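A.B. asks: For reference, the structure I am asking about is given below.
What follows is calculated from the coordinates using simple rules that are stated; it is not laboratory data. Bear in mind that the values here come from a model prediction, so they are computed numbers and not experimental data. Please note: Cβ atoms are built from the backbone with ideal geometry, for glycine as well, and neighbour counts cover all protein chains shown.
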Amino acid sequence: MSRTGDFRVIIFLGIIATVYVLAAATVVRVLLAKFGYLRLANRPWEILLRRVVLILAFLGVFCFIYGFIEPYWLYVSYVKLTSTKLPSGSKPLKIAHFSDLHSDPTPRLENKLVDTIAIEKPDIIVFTGDTINSPEGLAVAREVFSKLAKIAPTYVVKGNWDSWFWYNLNLFGETGVKELKSSSEKITINNLPIWITGVPVGQTNQIPSLTKKIPSEEFSVFLYHYPDEIENIAGQKVDLYCAGHTHGGQIALPFYGALITFSKFDKKYEAGLYQVKNTWLYVNRGIGMEGGNTPRIRFCARPEVTIIEVHPAS
């Protein structure tokens with residue numbers, strides 16, 4: 001977490017603590033007044049202040065409860081891009097992108113994810129890392145990838161959890177998906193050559209040699225867990241960079257967005273679509289949630305699958 005992110009979280013937690021301290025004090029004072037142990041001042045602004053504090057405390061409880069509901073509410077984002085590398089009149093390229101599955105032993109949105117992607121009928125499916133929160137969630141994740149591979153060609157890369165903690169587990173083998181291990185693959189979709197390049201976390205030194213091999217006139221997709229390479233990648237023959245990792249903050253604020261992103265760019269590329277030079281970046285909010293002992297909650301950062309359509313430039 002950046003120092004700025006630390007500061008934002010401290011302020012946020014401080015505000016919450018202040019509200020509930022004031023709410024508790026207000027409730028105690030009201031009860032003492034009710035039983036005759038205290039006389040409350042009833043000037044209009046004091047009455048208003050008490051009401052505001054109690055309303056904020058009530059909303060806080062509501063938001064906390066909602067945080068356990070949002071992880072089950074999948075959002076489908078539709079993105080339309082254009083490219084001169086697709087000939088005029090050609091059929092659009094349709095890509096389904098998701099990230100940060102973070103499967104636990106009990107499924108949450110995994111089945112809904114598969115059904116949603118199946119309905120969209122994409123040409124390819126891409127996953128940008130962080131597969132499971134624990135080995136007990138592996139069966140759940142592998143079932144997802146086995147089903148997705150039957151819908152469309154599916155390409156995956158390892159995220160930081162995959163590379164740091166689960167490097168000795170068979171995450172993707174025999175599921176039918178194609179794991180890109182600092183490699184590129186040229187495929188043909190609708191009679192058009194498409195390049196898919198993927199790099200796992202920890203192998204960014206391989207990126208320059210991989211992108212150098214991509215023909216400049218052919219459309220290319222780059223998969224990497226972090227959005228952090230976008231300013232190095234932009235202008236290097238990559239048309240679309242798909243990333244995840246940030247979870248959209250996982251806990252975000254209305255109109256402000258993420259408090260933390262764990263990206264070196266902080267909030268600059270926190271979620272959604274960005275254009276840097278001639279490269280489009282899409283940062284997916286992910287499907288699951290941070291593992292370990294952290295609570296499995298989301299707020300204002302709904303789980304997301306992104307349907308990206310690339311049309312010929314008119």
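A.B. asks: With viscosity set to 0.890 mPa s at 25 °C, what whole-number translational diffusion coefficient in µm²/s follows for the range 235-299 from Stokes-Einstein and a Kirkwood radius over Cα pairs?
C.D. replies: 194 µm²/s
A.B. asks: By count of other Cβ within 10 Å, fewest leading, how are Val305, Val21 ordered?
C.D. replies: The most exposed by this proxy come first: Val21, Val305.
A.B. asks: What pairs from Lys91/Lys264; Lys85/Lys121; Lys150/Lys268; Lys147/Lys212; Lys186/Lys277 go past 28 Å between their alpha carbons?
C.D. replies: Flagged as over cut-off: Lys91/Lys264; Lys150/Lys268; Lys147/Lys212.
A.B. asks: Based on Cα positions only, what radius of gyration and what Dmax would you give for the range 159-291, in angstroms?
C.D. replies: According to the Cα coordinates of the range 159-291, Rg and Dmax are 15.4, 44 Å.
A.B. asks: Pick out, in residue order, every one of the chymotrypsin sites (Phe, Trp or Tyr not before Pro) in the range 1-56 that is DSSP loop and has at most 12 other C-beta atoms within 10 Å; say none if there are none.
C.D. replies: Passing sites in the range 1-56 are Phe35, Tyr37.
A.B. asks: I would also like to ask the following. Can you tell me the 0 to 90 degree angle between the C-alpha axis of helix 110-120 and the longest principal axis of the chain, rounded to 10?
C.D. replies: 50 degrees
A.B. asks: Rank these for me by crowding, Phe58, Phe165, going from fewest to most other beta carbons within 10 Å.
C.D. replies: Phe58, Phe165
A.B. asks: Here's something else I'd like to know. Mean shadow of the chain, computed from the convex hull of its alpha carbons, in nm²?
C.D. replies: 19.8 nm²
A.B. asks: Let me ask something additional. Using only Cα atoms, tell me the angle between helix 138-149 and the longest principal axis of the chain; keep it within 0 to 90° and round to the nearest 10.
C.D. replies: 50 degrees
A.B. asks: Tell me the mean residue ellipticity at 222 nm calculated for the chain from its helices only (DSSP H runs of n ≥ 4, each -39500 (n - 2.57), averaged over every residue, nearest 500).
C.D. replies: Per the formula, -9500 deg cm²/dmol.
A.B. asks: Have a look at Lys212, Lys277, Lys34 and tell me which one the Gaussian network model of the chain (Cα, springs below 10 Å) gives the largest fluctuation.
C.D. replies: Looking only at Lys212, Lys277, Lys34, the largest GNM fluctuation is found for Lys34.
A.B. asks: Still on this model: Among Phe172, Phe62, rank each residue by its count of other Cβ atoms within 10 Å, from fewest to most, as a rough exposure measure.
C.D. replies: Phe62, Phe172
A.B. asks: At 4 °C and a viscosity of 1.567 mPa s, what translational diffusion coefficient does Stokes-Einstein give for the range 175-241, taking Rh as the Kirkwood radius over Cα pairs? Give it in µm²/s as a whole number.
C.D. replies: Value of D from the Cα-based Kirkwood radius: 106 µm²/s.
A.B. asks: Given springs between every Cα pair under 10 Å in a Gaussian network model of the chain, which of Cys63, Cys242, Cys300 has the largest fluctuation?
C.D. replies: In the Gaussian network model the winner is Cys63.
A.B. asks: With no solvent and one point on each alpha carbon, what is the Debye value of log10 I(q)/I(0) for the range 3-66 at q = 0.15 Å⁻¹?
C.D. replies: Evaluating at q = 0.15 Å⁻¹ gives log10 I(q)/I(0) of -0.58.
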